[in-house]
Amino acid sequence: MQVDQIRQFTNSTYPVLSVYVNRVGTPRDRSSTGARLSDLLRPVREVVENGGLSHEAAMSLRADAKTIQNLADRIDADPASAAIFSCNGADWFHYISVNRPVWDVARIGNRAYLRPLRVAETEVRSAAVIFEPRRSVLFMKNGDAFSEYGEVVEESVRKSNYGGFAGYEERGVRSHADAVVQRHFKETADLVFRLFKEEGFDFLFLGGHQESIDEGTKLLHPYVKACLAGSFVIDTHTMTPALVKEQVIGLEEAAVAAQEAARVQELLDTAGAGGPAVLGIADVLAAVNARAIDRLIISGSFTKDGAVCESCGWLSRNGTSCPVCGSATRRTDDLVDEIIEATIDESGEVLQVSIASALDQTAIGALLRFPLPAGLA
């Protein structure tokens, strides 16, 4: 993975400049992009002039700022957000297009600043199936991309209220019609399961008339039904892909928010019951230093400054020397970024939530693999 490769690069002689520019949901305006870069890079240029860097480091950082300022055209031409990492003195540069929102930021350090990439919203994959007795359609949404995956078209049958001799033909036709519709919905459910097995999706939404939705739901495979996150009634005669996409976007946003809320509540409930969980920056630091974090949850863009031991990785709010190995520490403006990287290094999960919740009071918390020893938390 490119991000993990970037994570491995460090340099003690020349600084690494990391710049993020959000392009998702923003207008394409080169002059605006250039102005945003100038604003982001202004503090960087001040560091070059007044930051106490060595001559070699200052020249490298100045060249990094110039290189990134000149990327305005490239950034503006790309609808994706930009993540840029540069260390001119070491002849090292990376540009990543990010198809998700990030926040505008510029950071100087001895390694790349990866938090905006690590916590950027993962592209959600959703499926939407329109159940209709004659023609059912399956759509796939992957990030911003939306397309038709397949359809199921059934045979035509005589109207079910056709009379015939003494009503006998009517009952036969109705029975045949019901069997045709049932088979049609079963084939549609099978198509959804095939999509789930071949490509996978996070959420499934059902559309159509309510009676068709109810019948189709009964035929879904249990694995697929576990992804079911909502439904919507839509007139299948006037339906267009654009109308379906509009419905899916709204339901998807609600499903993501509900998923975040459930994970936050699990954390709060576990901590409240005295289980393996911690809340607040101090206890999270104790947990990450003990390599105990299973899932880290951060409220919004919360951050604190702190100290990092470059020798053993110990993290703390203060101190110029490491209490574990005695090595000198370096200051960081974003201690949460270091916590994120340490969590990922130990195969933990990281989630930054945007919903308002009771976690806002402590801003950060974690579910643990094992309880911390007494006195650590």
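The values are calculated or read from the model by the stated rules, or taken from the named source; none is laboratory data. Model, not experiment: these values are computed from the prediction. Heads up, the Cβs are rebuilt from the backbone with ideal geometry, glycines too, and the neighbour counts pull from every protein chain shown. In case anyone asks, the SASA skips ligands and DNA or RNA and just uses the protein heavy atoms, side chains included. Shrake-Rupley method; radii C 1.70, N 1.55, O 1.52, S 1.80 Å.
Listed values, structure above:
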item: Residue in region 212-229 that is part of a strand (DSSP E or B) and either open to solvent by less than 80 Å² (accessible area, probe 1.4 Å) or more than 24 Å from N142 (Cβ to Cβ) (or both) present; result: yes
item: For F85: the one exception among (1) modelled with pLDDT under 90; (2) within 30 Å of E346 (Cα to Cα); result: (1)
item: Flag if A273 is in contact (Cβ under 8 Å) with a residue 24 or more places away in the chain, loosely packed, with under 14 Cβ neighbours inside 10 Å and of a type in the set (A, V, I, L, M); result: no
item: From I6, I68, residue being in contact (Cβ under 8 Å) with a residue 40 or more places away in the chain, within 21 Å of E341 (Cβ to Cβ), outside any loop (DSSP other than H, G, I, E, B) and of a type in the set (V, I, T); result: I6
item: Residues (closer than 17 Å to R115 by Cβ and open to solvent by 30 Å² or more (accessible area, probe 1.4 Å)) located in region 312-335; result: G313, R330, R331, D333
item: Residue list for region 34-50, filter: open to solvent by less than 40 Å² (accessible area, probe 1.4 Å) and of a type in the set (A, V, I, L, M); result: L37, L40, L41, V44, V48
item: Hits in region 141-190 (condition: at pLDDT 70 or above, surrounded by 14 or more Cβ atoms within 10 Å (Cβ to Cβ) and touching a helix residue (DSSP H, G or I) at 6+ places or on another chain (Cβ under 7 Å)); result: K141, F146, Y149, G150, V152, E154, F185, T188, A189
item: Members of region 72-125 that are assigned to a helix (DSSP H, G or I) and open to solvent by 10 Å² or more (accessible area, probe 1.4 Å); result: D73, R74, D76, A77, N88, G89, A90, L117, R118, V119
item: R115 being of a type outside the set (S, T, Y), over 30 Å from G230 (Cα atoms) and more than 17 Å from the chain's Cα centre (by Cα); result: no
item: Checklist (1) surrounded by fewer than 17 Cβ atoms within 10 Å (Cβ to Cβ); (2) part of a loop (DSSP other than H, G, I, E, B); (3) of a type outside the set (F, W, Y) applied to L53, failing item; result: (1)
item: In region 71-93, the residues that are farther than 27 Å from H55 by Cα and not hydrophobic (A, V, I, L, M, F, W, C); result: D73, R74, D76, D78, P79, S81
item: Scan of region 236-248 for residues that are in contact (Cβ under 8 Å) with a residue 12 or more places away in the chain and either farther than 12 Å from F139 by Cβ or β-branched (V, I, T) (or both), ordered by number; result: T236, V244, V248
item: Matching option when the condition is more than 15 Å from V124 (Cα to Cα), basic (K, R), assigned to a helix (DSSP H, G or I) and touching a residue at least 12 places away in the same chain (Cβ under 8 Å), among R194, R263; result: R263
item: Yes/no for E123 being closer than 30 Å to I298 by Cα and modelled with pLDDT under 90; result: yes
item: Close pairs from region 78-89: first of a type in the set (D, E, K, R), partner part of a strand (DSSP E or B) and open to solvent by 40 Å² or more (accessible area, probe 1.4 Å), Cβ under 8 Å, at least 6 apart; result: D78/S97
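Results for (1) within 19 Å of W314 (Cα to Cα); (2) of a type in the set (G, A, S); (3) in contact with a Cys (Cβ under 7 Å, 6 or more places away or on another chain), shown as yes or no for each residue.
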| position | (1), (2), (3) |
| --- | --- |
| Q247 | no, no, no |
| E252 | no, no, no |
| A258 | no, yes, no |
| D269 | no, no, no |
| G275 | no, yes, no |
| D294 | yes, no, no |
